[in-house]
Amino acid sequence: MPEILRVGVVGCGEVAQIIHLPTLQNLRDKFRVTAICDVSAKVLEGVGEQFGVRHRFQDYRELVNSAEVDTVLIANPHVFHAEVAMAAIKAGKSVLVEKPMCMSLAEADALIAQEKQAGVVAQVGFMRRYAQAFTEAKRLVQELPDIRLARVHDVIGRNPLIITQINNVIRPTDLPKGAEEELLAKQREMVTAAVGPVPEPLDKTYLLLLGLASHDISAMRELLGLPKGILYAACRGPEGRTVSAAFDYGDFVCQFETSVDAIPRFDAHIEVYSPSRIVRVDYDTPYVRNLPGRLTVLEPGSDGMAKRQVGSTWKDAFEIEWLAFHENVTQGRRPKTSLADAREDLVLFKEMMSMIQEGWSAADMRGRVAAHA
C-alpha cells in the first residue's frame, strides 16, 4: 500500500465540502483526493473545480472501480451507505464510511461478511471518539473505582442554522423533479425493513438515532462498555425528534437525551460521576473546524471543590480520525470504530425503537380515551 493514499469521495455535500475535503488537503502528505462522485452535475463540477479533482463521476460504481482510487470515503445519504460500501469493498478498496454505516442489522451483517472476505479496512466515521478530550476522558474514567451515574446529552439546533452563517456550500439545485420525494420514500422503506412498520413521525426518530445519536451512543459504549439492558426509551413531540432513555449498567444508570430544535447552538456532552471525581467532555459543532472538545474534571479540593480543564489539542477530531484511518490501512490494523463495533449501535437502536413505539401507542390510546371522556 502506498504511503500517500488516493481517495475517492462518494457524496460531495456539506460534510464533504466543509470538513472532509479541506481536511484531506491539509493532510496532503498522507492523502490525495483523485476522484469524486455526486448525482448532481452542478455539485460535481463545482467541487471538482474548487478542490482541483480531475476524475468526476455521477455513478459511484465507476469511482469504486477506478484504478486511480485506493480508498473510498462514503459521505452520500444514509440510505445508500451500505450499497456503496459493499461495492467498494468488493472492488478491494478500504473505506471510511460516514455514520451510520448502514440502516439495518441485515445490511451490517452483509458488510461485515464482505469485509472479512475481502481483507480490507472498513472504518466508521465516529470522529468524536478520536478527539483528544475523549481519549483522555476514557483514561480517567477507567481509573474510577466506583461509577454512580452517567449522562449523555445532545440537544442541538438544525445544522443549516449554523452552516449558512459560515459556509457557502454548493447545493444540488439541478436534481430532477421528484428526486427528494423518492429519497424520502426510500428512507421510509428502509426504516420499515430495519425496525418494522412504525407510525410516520417515528421514522424520523429512527433517522435521528442513526444520525445524531449514533455519535453519542458510540462514545458511551467506548467510555462505559455495553449496557446490560435498556430500562426505558421514549419519544414525544409531533416531529419525533426528541428521545430520552436510560441504560442499565448494573451498578449505575446512564441517562440519555437528544433533540433537534431551531436554536443555533451545539449542546453536546458526556459526563461520568463517581463519589470523588466527575469527568465531563463537551463537544462543539463540527462544522467549524478545529474547535477542540473540552475535558473538565471536578474533584475535592483543599478549600472545597477543585475544577480543572484538562489541556486539549487544537488538532481537529476529523483530522485525527483520518490519521488513524491512514495508519489502519497502511499497517493493516483493525479500527476501533469498525463495522462490528458500529453494529452494536444498531442492536441498541432496534430495541429502543421497540420501546418507543410501545410507549407511543400507549400515549396515543390514552389521548383517544381522554378525547372521548
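Derivation of every value follows stated rules applied to the coordinates shown; laboratory data play no part. Keep in mind it's a predicted model, so treat the numbers as computed, not measured. Because the Cβ atoms are built from the backbone with ideal geometry, glycine has one as well, and the counts that use them run over all protein chains shown.
Mind jotting down the distance between the C-alpha centroids of segment 192-236 and segment 89-137, whole Å?
Cα centres, segment 89-137 to segment 192-236: 18 Å.
Note down the relative contact order for segment 1-101 as a percent, whole number, built from C-alpha pairs under 8 angstrom at least six residues apart.
On the way: 184 pairs, mean separation 29.8, N = 101.
Once divided by the residue count of segment 1-101, the mean separation gives 30 percent.
Given the options Gln117, Val310, Val195, identify the residue whose Cα lies farthest towards the positive end of the charge dipole of the chain (+1 on Cβ of Lys, Arg; -1 on Cβ of Asp, Glu).
In the chain, that residue is Val310.
What does the extension gain come out to for Arg139 and Glu257, with contour length at 0.36 nm per residue minus their alpha carbon separation? Walk me through the intermediate numbers first.
Numbers: separation 118, 0.36 × 118 = 42.48 nm, distance 2.42 nm.
40.1 nm is the gain from fully extending Arg139 to Glu257.
Which lysines have a Cα lying under 24 Å from the Cα of Lys116, excluding residues fewer than 8 positions away in the same chain?
Lys116 reaches Lys90, Lys93, Lys99, Lys336.
I'd like to know how segment 1-144 sits against the 2.2 N^0.38 Å rule of thumb: what's its Cα Rg over that expected value? Intermediate values should be presented prior to the final figure.
Working: Rg = 15.8 Å, N = 144, 2.2 N^0.38 = 14.5 Å.
In units of the 2.2 N^0.38 Å rule of thumb, it is 1.09.
Give the Kirkwood hydrodynamic radius (Å, one decimal) of segment 216-373, defined as one over the mean of 1/r across all pairs of different Cα atoms.
Numbers: mean 1/r = 0.0529 Å⁻¹.
In segment 216-373 this quantity evaluates to 18.9 Å.
How big is the dipole moment of the chain about its Cα centre under a simple scheme where the beta carbon of each Lys and Arg is +1, that of each Asp and Glu is -1, and everything else is neutral? Debye, nearest 20, please. The partial results should precede the final answer.
Values: 43 positive and 49 negative charges, 84 e Å.
Around 400 debye, computed over the chain.
Which of the GluC sites (Glu not before Pro) across segment 64-160 are loop residues per DSSP, with 10 or fewer other Cβ within 10 Å? Present the calculation step by step, with values, prior to reporting the outcome.
Working: sites: Glu68, Glu83, Glu98, Glu107, Glu115, Glu136, Glu143; in loops: Glu68, Glu143.
In loop regions of segment 64-160 (DSSP not H, G, I, E or B), the sparsely surrounded GluC sites (Glu not before Pro) are Glu143.
State, as an integer percentage, the relative contact order of segment 185-310 based on alpha-carbon contacts under 8 Å between residues 6 or more apart. Don't jump to the answer; show the numbers that get you there.
On the way: 161 pairs, mean separation 16.1, N = 126.
Relative CO of segment 185-310 lands at 13 percent.
With +1 on each Lys and Arg Cβ and -1 on each Asp and Glu Cβ, and nothing else charged, work out how big the dipole of segment 269-323 is about its Cα centre, in Debye to the nearest 20.
Details: 7 positive and 8 negative charges, 25 e Å.
In debye, rounded to 20, segment 269-323 gives about 120.
Which listed residue (Phe57, Val33, Ile19) has the Cα farthest towards the positive end of the charge dipole for segment 1-90, taking +1 on Lys and Arg C-beta and -1 on Asp and Glu C-beta about the Cα centre?
So the residue furthest toward the plus end is Val33.
What order, most packed first, do the peptides 15-27, 119-131, 294-306, 185-197 have when packing is the mean number of other Cβ atoms within 10 Å of each residue?
On the way: 15-27: 20.4, 119-131: 24.2, 294-306: 12.2, 185-197: 16.4.
Order by mean packing, descending: 119-131, 15-27, 185-197, 294-306.
Hey, what do the phi angles of segment 32-47 turn into as Karplus ³J(HN,Hα) couplings, whole Hz, using 6.51/-1.76/1.60 and θ = phi - 60°, x for Gly and Pro?
9, 7, 10, 7, 9, 9, 7, 6, 8, 5, 4, 5, 4, 5, x, 5
With r defined as the distance between the Cβ atoms of Glu45 and Glu14 and R0 fixed at 30 Å, what FRET efficiency is calculated, to the nearest 0.05? Before the final figure, lay out the partial values.
On the way: r = 17 Å, r/R0 = 0.56.
The computed FRET efficiency comes out at 0.95.
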